[in-house]
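The values are calculated or read from the model by the stated rules, or taken from the named source; none is laboratory data. Please read all numbers here as calculations on a predicted model, not as lab measurements. No Cβ is skipped: glycine too gets one built from the backbone with ideal geometry, and neighbour counts run over all protein chains shown. Just the protein is used for accessible areas: all its heavy atoms, side chains included, with ligands, DNA and RNA removed. Shrake-Rupley method; radii C 1.70, N 1.55, O 1.52, S 1.80 Å.
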Amino acid sequence: MSALNLDTWRDLPAAQQPEWPDRAALDHVVAELKGLPPLVFAGECDQLKDHMAAVARGEAFVLQGGDCAETFAGATADNVRNKLKTLLQMAIVLTYAGRVPVVKIGRLAGQFAKPRSKNTETRQGVELPAYRGDMVNGFDFTPEARVPDPGRLLRAYHSSAVTLNLARAFTKGGYADLRQVHAWNQDFVAGSPAGQRYERLAREIDHALAFMRACGAEPEEFHTVEFYSSHEALILDYDHALTRIDSRTGLAYDVSAHMVWIGERTRQLNGAHVEFFSKIRNPIGVKLGPATTPEEALTLVEKLNPDNEPGRLTFITRMGAGKVREALPMLVEKVTASGATVAWVCDPMHGNTFEAAGGYKTRRLDDVLEEVAGFFEVHRALGTHPGGIHIEFTGDDVTECVGGGHPIVEGDLALRYETACDPRLNRGQSLDLAFRVAELYRAQ
């Protein structure tokens with residue numbers, strides 16, 4: 001690795017890193033991680049890069065989503081299946097109603113670390129280190145749980161392996177077959193307006209499939225799904241330890257996920273994250289908030305994709321519903337004018353968080369929908385391609401975001417508020433969003 005200078009990030013300031021109490025223990029864990037098998041393969045990363053190149057050309061749409069922060073306890077067959085089920089249902093809505101090929105990327109099998117606005121958390125006069133995700137420390141508010149533990153990096157690797165194994169089994173083993181479109185909805189249709197709307201669409205798909213079968217057409221693509229993993233590569237010791245040299249090309253890939261991204265809090269132009277990402281060949285993303293200047297965006301292009309490789313770089317914008325129409329146009333206009341080939345994806349979650357009266361952090365589905373609408377309006381006005389959405393959702397019937405066709409009000413938040421960090425859309429709200437995005441896409 002040293003021949004490729006993969007350690008240069010260590011000489012630069014690295015934001016949002018844990019304060020590991022025992023450096024020797026961390027070094028031991030990192031050494032073990034370096035010897036473990038890859039979670040994904042370079043060829044798969046290149047496949048995703050090809051799909052992202054199609055997105056950048058305006059020929060496909062990205063659906064990227066999953067948990068805000070995964071937990072080790074959540075790596076179960078039921079949880080993984082429910083998230084995949086929701087993602088597949090959303091993708092079906094976008095593909096059929098939006099009439100666009102959909103690139104399916106999960107925020108899973110690695111999304112175990114979270115940046116925090118403060119290093120500590122105080123409750124009833126007690127101050128402890130902030131919870132930074134299961135990869136770093138425990139959620140329980142105790143001194144013991146909140147100590148950063150390098151052993152958790154290994155648990156994150158093994159939990160990611162289990163999750164990826166389940167995801168591959170579901171997407172390749174028949175569960176993702178288009179003939180299952182009704183089965184994905186059986187537990188959901190009766191009590192949910194979104195489920196009922198989806199069921200009507202599923203019946204249309206059934207008729208279309210029956211017609212194609214009668215014509216002798218049964219493409220392989222109807223029976224399996226190409227599904228990719230992604231996470232924010234926040235803890236650099238982990239992602240660096242899982243970087244491998246591809247035997248085909250001699251290039252470095254972060255084999256902890258197919259796609260990794262840099263967060264809004266860690267995209268410093270002369271910081272360690274941008275430096276590390278410049279050395280790996282995965283498709284990568286960068287989150288851009290409303291304060292991002294065109295100059296910063298262009299410098300990120302220069303540092304992260306100097307060869308202007310199609311599919312390499314995605315800008316994931318997180319502006320907020322009230323700022324997207326004002327903050328986004330200049331960025332898209334200047335980057336496009338530079339000739340840079342990037343995919344533009346909307347994260348309508350992180351700019352729309354607020355604290356409800358009961359102290360719960362939440363989001364309004366209406367704000368999420370409004371940011372997506374603004375994202376499409378900007379791209380329509382500029383003649384550019386709205387390339388996708390990046391959302392936090394769960395397949396469970398949680399009450400963490402307000403609104404939706406089966407509405408949740410602020411007083412309902414306490415009923416099933418289960419997130420380890422930020423509020424997620426539940427399944428009905430996710431389908432509401434998918435139908436709205438499909439309408440926006442068809443209106444382009």
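What order do you get for 102-110, 115-123, 278-286 when each peptide is scored by the mean count of other beta carbon atoms within 10 Å, highest first?
Packing order, densest peptide first, comes out as 102-110, 278-286, 115-123.
Rounded to a whole number, what % of the accessible area of the stretch 102-246 do carbon and sulfur atoms account for, probe 1.4 Å?
Accessible surface attributable to carbon and sulfur in the stretch 102-246 totals 54 percent.
Where both residues lie in the chain, what percent of DSSP beta bridges are antiparallel, nearest 5?
25
What does the C-alpha gyration tensor say about the overall shape of the stretch 145-208? Classify as rounded when a/c is under 1.5, otherwise prolate if a/b is larger than b/c, or oblate.
Judged from the Cα gyration tensor, the stretch 145-208 comes out oblate (a/c at least 1.5, b/c at or above a/b).
Compute the whole-percent fraction of alpha carbon pairs in the stretch 342-434 spaced more than 20 Å apart.
Roughly 35 percent, once rounded to a whole number.
First check a/c for the stretch 233-372, with a ≥ b ≥ c the square roots of the eigenvalues of its C-alpha gyration tensor; if it is under 1.5, answer rounded, and if not, answer prolate when a/b is larger than b/c or oblate otherwise.
The shape class here is oblate.
Counting only protein heavy atoms and using a 1.4 Å probe, what share of the accessible area of the stretch 248-324 belongs to carbon plus sulfur, as a whole percent?
49
Would you kindly give the portion of the calculated P(r) for the stretch 76-137 that falls above 16 Å, as a percent of all Cα pairs?
Everything past 16 Å amounts to 64 percent.
If you put +1 on each Lys and Arg Cβ and -1 on each Asp and Glu Cβ, how big is the dipole of the stretch 56-197 around its Cα centre, in Debye rounded to 20?
Dipole size: approximately 480 debye.
Select from Q47, Q64, Q429 the residue whose mean-square fluctuation is largest in a Gaussian network model of the chain (Cα-Cα springs shorter than 10 Å).
Of the options given, Q47 has the highest mean-square fluctuation.
Given N residues in the chain, what is Rg(Cα) / (2.2 N^0.38 Å)?
Ratio of Cα Rg to 2.2 N^0.38 Å: 0.95.
If packing is taken as the mean number of other Cβ atoms within 10 Å per residue, what is the order of 380-386, 6-12, highest first?
Ranked from most to least packed, the peptides come out as 380-386, 6-12.
In square angstrom, what is the accessible area per residue of the stretch 52-209 with a 1.4 angstrom probe?
40
Would you kindly state how much longer the chain becomes between D22 and R10 on full extension, computed as 0.36 nm times their sequence separation minus their alpha carbon distance, in nm to one decimal?
Contour length minus Cα-Cα distance gives 2.5 nm.
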